[in-house]
Amino acid sequence: MSPAVPVCRQTVLVTGATSGIGWQTARLLAGQGDTVIVHAPDQASGDDAITRLVADGANALQLRLEVADFSRLDEVRAMAARVADEHPTLDVLVNNAAVAAPERRTLTADGNEIALQVNFLAAYLLTHELRDPLSAQPHSRVINVSSSIHRTASIAWSDPHRAKRYSRLATYAQSQLALTVFARAEAPWTSVSVHPGVCDTALLPLYAHEGDSAAEGATHVARLCNPSTELVPGAYYDRTTLSPPAPVALEDRTVRRLCKLADRLVAPTP
Ligand SMILES: NC(=O)c1ccc[n+]([C@@H]2O[C@H](COP(=O)([O-])OP(=O)(O)OC[C@H]3O[C@@H](n4cnc5c(N)ncnc54)[C@H](OP(=O)(O)O)[C@@H]3O)[C@@H](O)[C@H]2O)c1
């Protein structure tokens, strides 16, 4: 009889795991035996996501639900504190949650444009607040699910909330560029960003009329979560292919400037 192959089971937090690529990523990871922390914006959608994962064959004992509305930074902080408390080691964080920027510019209670906050600032804050569990072992990874649309974007440094000139697409694209740049920030863990492909989810209308299935997109995300996939720190992947991001994302100055801006925008209001 051949000796049993040790199976490396990880603890992975997937944000925006109630639908689309996030839910499918949670499904794939749970299916390979990982403990999956399923993040949802509210209790009802979270309960529903867990029910569907279990119906699909996931072991309920390997699933944890965490609820936080990313349009509220206090909820992001509270969730990070609970996760850090319950999981001294976090192997992988998948920053996947996102919204399309609304037709009319919308500010959160924190004073940030909503797509910038949900898609980027919440991920930035969550990652930093989880620094202890992410630093607990040397090989943890942060996978930012961004988008090829970042190539069309620029960061409006003096008007990040787009008060002067608002366009839904430019605002969403800015959030995706920010997430892509953030993957290059120095950290004790390995960060990358990935374009999962154009997929048939609630966000499809931003991209095209038809796309791959969310399950297909999730395979590209789950592959990067796998400890046997060697990652290039700070890299951007177009599905499975290592790909140069927009030139601006390669500038160290842009990384520093973005982190400074994000630090200011996520700071608790006195
Ligand atoms: N679909 C594409 O073609 C495509 C292409 C490139 C990149 N992407 C990226 O892929 C990622 C996943 O998107 P998707 O296409 O799978 O879209 P999706 O199905 O709409 O999933 C987005 C997830 O984010 C959650 N979310 C939305 N608002 C939130 C909030 N305020 N607080 C916390 N969570 C919130 C959603 O929860 P509810 O559904 O429960 O509201 C959902 O779980 C995104 O980062 C997106 O930018 C998608």
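Go through 200-210, 9-19, 79-89 and give me the packing order, highest mean Cβ count within 10 Å leading.
So the order, starting with the most tightly packed, is 9-19, 79-89, 200-210.
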Kirkwood Rh and Cα Rg combined as Rg over Rh, evaluated for segment 11-266: 0.93
Computed helical MRE - 222 nm, the chain, DSSP H runs ≥ 4 contributing -39500 (n - 2.57), nearest 500: -10500 deg cm²/dmol
H128, H139, H150 arranged by Cβ crowding within 10 Å, fewest neighbours leading: H139, H128, H150
5 angstrom amide H check on V94, placed H, neighbours 5+ away: L13, V14, T15, I143
Estimated distance in nm for a label pair at Q43 and R264, the labels positioned 7 Å out from Cα along Cα-to-Cβ: 3.9
Local net charge near V181, Cβ-Cβ under 15 Å (Lys/Arg +1, Asp/Glu -1): +2
Mean Cβ count within 10 Å, highest first, over the residues of peptides 32-44, 218-230, 152-164: 32-44, 218-230, 152-164
Segment 11-266, relative contact order in percent, only Cα pairs under 8 angstrom and at least six apart counted: 18
Placed amide H near A136: partners under 5 Å, 5+ positions off or other chain: L90
Pairwise centroid distance, computed over Cα atoms, of segment 201-270 with segment 30-52, Å: 22
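Read-outs: derived from the displayed coordinates by stated rules, not from any lab. Just so you know, these numbers come straight off a predicted model, no measurement behind them. Don't worry about glycine lacking a Cβ; one is built from the backbone with ideal geometry, like all the others, and counts go over all protein chains shown.
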